[in-house]
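Working notes, structure below.
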């Protein structure tokens, strides 16, 4: 299968650079588009809509420091980012909506190999709800 549009689930951690590197590598091999998504689930669904900050950079669904770090990820990629979707709430549900709207065909997410991730994994709900292929990249702690 040839992937045409890769979606990368980034968190507010520079560990996301590992995922970005993988996505850009694959995108160059496959001549695919790359998009990012960040859903902040720490405070529930404060902002019900998802915002594409590539299309509307003035929107700030998160606080300024978080938005600055997200923009750093786009710069770090050194590759055209087609969409950068930002929102709040349940990551699995927001991913399903974004995938349906933008026709992504590969989702890249990370999985930490630490004590807490063995108890509570963010990857599992993503895998269980994703309607597209998922590449889970191990992130060593």
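The values are calculated or read from the model by the stated rules, or taken from the named source; none is laboratory data. Remember, it's a predicted structure, so these values are computed and weren't measured experimentally. Cβ placement follows ideal geometry from the backbone for every residue including glycine, while neighbour counts extend to all protein chains displayed.
Being surrounded by fewer than 17 Cβ atoms within 10 Å (Cβ to Cβ) and in contact with a helix residue (DSSP H, G or I) (Cβ under 9 Å, 6 or more places away or on another chain) is the filter here; which residues of the range 83-104 pass it? Selection gives 90, 93, 96. Sub-7 Å Cβ pairs linking a first residue in the range 39-53 that is under 14 Å from residue 63 (Cα atoms) to a second residue that is loosely packed, with under 12 Cβ neighbours inside 10 Å and modelled with pLDDT of 85 or more, at least 6 apart or interchain, number zero. Taking the listed residues 56, 31, the one that is at pLDDT 95 or above and loosely packed, with under 14 Cβ neighbours inside 10 Å is 31, with no other qualifying. Number of residues in the range 60-77 that are assigned to a loop (DSSP other than H, G, I, E, B) and touching a residue at least 12 places away in the same chain (Cβ under 8 Å) equals 2. For the range 78-93, the set of residues classified as closer than 26 Å to residue 25 by Cβ and not in a helix (DSSP H, G or I) consists of 78, 79, 80, 81, 82, 83, 84, 85, 86, listed by residue number.
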